[in-house]
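Working notes, beginning with the structure itself.
Coordinate-derived values only; no laboratory data. In this text the structure is predicted, and so the values were computed from the model without any measurement. Cβ atoms come from the backbone with ideal geometry, glycine included; neighbour counts cover every protein chain shown.
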Amino acid sequence: MQIYLVGGAVRDKLLSLPVKDKDFVVVGATPADMLEQGYQQVGKDFPVFLHPSTKQEYALARTERKSGSGYTGFTCYAAPDVTLEQDLVRRDLTINAMVEDENGQVIDPLNARADLDNRVLRHISASFSEDPLRVLRVARFAARFHRQGFTIADETLLLMQAMTQAGDLAELTPERVWQEVEKTLSAANPEVFFKVLKDIGALAVILPELDNLFDLAVISSDEDNDDKNNSNLGLQALSLLKNTALLSSNLAIRFAAVMQNLGEQQANIKALAKRCKVPNEHRDLAILVSAQQAHIHNALTLTPAAIISLFDNTDAWRKPERFQQILLTCSSSKSKQLADAYQPTQYLTNMLNTACDIAVQPIIAAGFRGPEIKQQLTLQRISALTALRA
Ligand SMILES: Nc1ccn([C@@H]2O[C@H](COP(=O)(O)OP(=O)(O)OP(=O)(O)O)[C@@H](O)[C@H]2O)c(=O)n1
């Protein structure tokens, strides 16, 4: 049997990027050969094995044909006579179809190196369309490798568009969509993913709530808020995401950034989050940002009572770290200002620290009971903020 390193690890190595997972393809072996050597079988449908000590994935070379609809509608043929080239041809992109042998020699039967060198994301063959998830994967790779200069080949973009128009994406469950979105949110330029999907009509299918924003004009006249290129709320959402990605790698913050223009339509954030099983932390941050951003942008003009309400509504008392995440997400909307020049951050942080200094024990000691305690606390907090502003 011959064993080769394959896929993302070879690609990332050639791009001088850190290699995360190592996948291997095994040519000329049977499942029995693998088990005999101590490998553990993990794939039910595919012959995939874990190495006895490293636990890395070793898959027998296989050919795949789509036999029905859905994720499981594949016929897979793995046998010792499947060649390396046959295994590579069934894959998605040329840059993902190079291997490295045990001596570190790159083997490239599909001539993928040229695409890697020219920074092109190109599908390998028409069988790309057998897996609709690949439409999202290509958009994700475009987001991840944008900084390295990668663009999608015209013919690949056309195929992705054709697959979308043919309704292929309906096969994707919301959970699989979210898995790709989540992976994308950690990419260097997550906004590119959404832009690619918008351009080919796929965003309307997988995230219609976000897609609708592209039909809504930007109405704010706030000078330093508006990038002239942001003619609609969708484009503006993408530029907010772009700015936020420069400020934070936190996925909840990045998710809240791209959702924040749903503003008035928080029901849509809830619907999207429920359908896609978005983690609660992400959902809650997105809802709070979209609900409170207008108040936060105007923090310097708010009355002390309104500031205390803001802290109540965001539960800043019990969750000061999340409150900082809300501020960070809001700060990214000021595209011409750096985040540390966003005045509400320092201002509200000072206010919160001051209000938090009011202790509850003296209020109880003074004889207040039940709901009166909260009322007194609020009054004293408001007085403290009024004194601070004076
Ligand atoms: N829908 C898919 C999923 C995977 N692959 C192939 O399987 C390899 C491994 O897949 P995966 O680990 O998901 O992706 P990587 O390319 O390794 O990228 P990442 O760094 O995101 O894991 C890919 O390189 C690609 O050759 C494919 O052709 N079609």
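Observations on the model:
- Rounded to the nearest 10 degrees, the angle from helix 154-165 to the longest Cα principal axis of the chain is 70 degrees.
- Working from Cα pairs under 8 Å separated by at least six residues, relative contact order for the stretch 1-112 is 27 percent.
- Gyration tensor (alpha-carbon) shape descriptor, the chain, a/c threshold 1.5: prolate
- Label sites at Asn118 and Leu300, each approximated as a point 7 angstrom past Cα along Cα to Cβ, lie 5.2 nm apart.
- Full-stretch length increase - Thr63, Glu171 - with 0.36 nm per residue and alpha-carbon distance subtracted: 36.7 nm
- Helix 304-313 and the long axis of the chain differ in direction by around 40°, with both axes built from C-alpha atoms.
- For the chain, the Cβ-based charge dipole about the Cα centre amounts to some 1060 debye (Lys, Arg positive; Asp, Glu negative; other atoms uncharged).
- Highest-MSF residue in the chain out of Gln325, Gln266, Gln56 [GNM, Cα springs under 10 Å]: Gln56
- Candidates Arg65, Arg140, Arg91, ranked by Gaussian network fluctuation over the chain, Cα under 10 Å, top entry: Arg65
- Summing charges over neighbours of Asp312, with a neighbour being any other residue whose Cβ is under 13 Å away from its Cβ, gives +3 when K and R count +1 and D and E count -1.
- Percent RCO, i.e. relative contact order, over the stretch 132-206, from Cα pairs under 8 Å lying at least 6 residues apart: 51
- Pairwise centroid distance, computed over Cα atoms, of the stretch 84-109 with the stretch 241-270, Å: 38
- On Cα atoms only, tilt of 233-247 relative to the major axis of the chain in degrees: 90
- Normalised by the number of residues in the chain, the average gap of Cα pairs under 8 Å and 6 or more apart makes the relative contact order 9 percent.
- Cα-based reach from Lys20 at 15 Å (exclusive), listing aspartates and glutamates while leaving out same-chain residues under 8 positions away: Asp12, Glu57
- Spin-label pair Gln361/Asp81, simplified geometry with 7 Å Cα→Cβ offset, distance in nm: 8.3
- Summary of the geometry: the stretch 1-67 and the stretch 120-198, compared by the centres of their Cα atoms, lie 24 Å apart.
- Using a Förster distance of 22 Å, the FRET efficiency for Val42-Leu17 (Cβ separation, nearest 0.05): 0.25
- Residues within the reach of a label modelled at Thr354 (point 7 angstrom out along Cα to beta-carbon, backbone nitrogen below 13 Å), restricted to the stretch 303-335, are 303-308.
- Between Thr329, Thr94, Thr75, the GNM of the chain built on Cα springs shorter than 10 angstrom shows Thr75 fluctuating the most.
- Taking 0.36 nm per residue of sequence separation and removing the Cα-Cα distance, the Gln346/Ala204 pair yields an extension gain of 47.3 nm.
- The trypsin sites (Lys or Arg not before Pro) of the stretch 345-387 that DSSP puts in a loop, and whose beta carbon has at most 10 other beta carbons within 10 Å, are Arg369.
- In the chain, taking the dipole from charged Cβ atoms about the Cα centre, the farthest positive-side position among Ile206, Leu240, Leu310 is held by Leu310.
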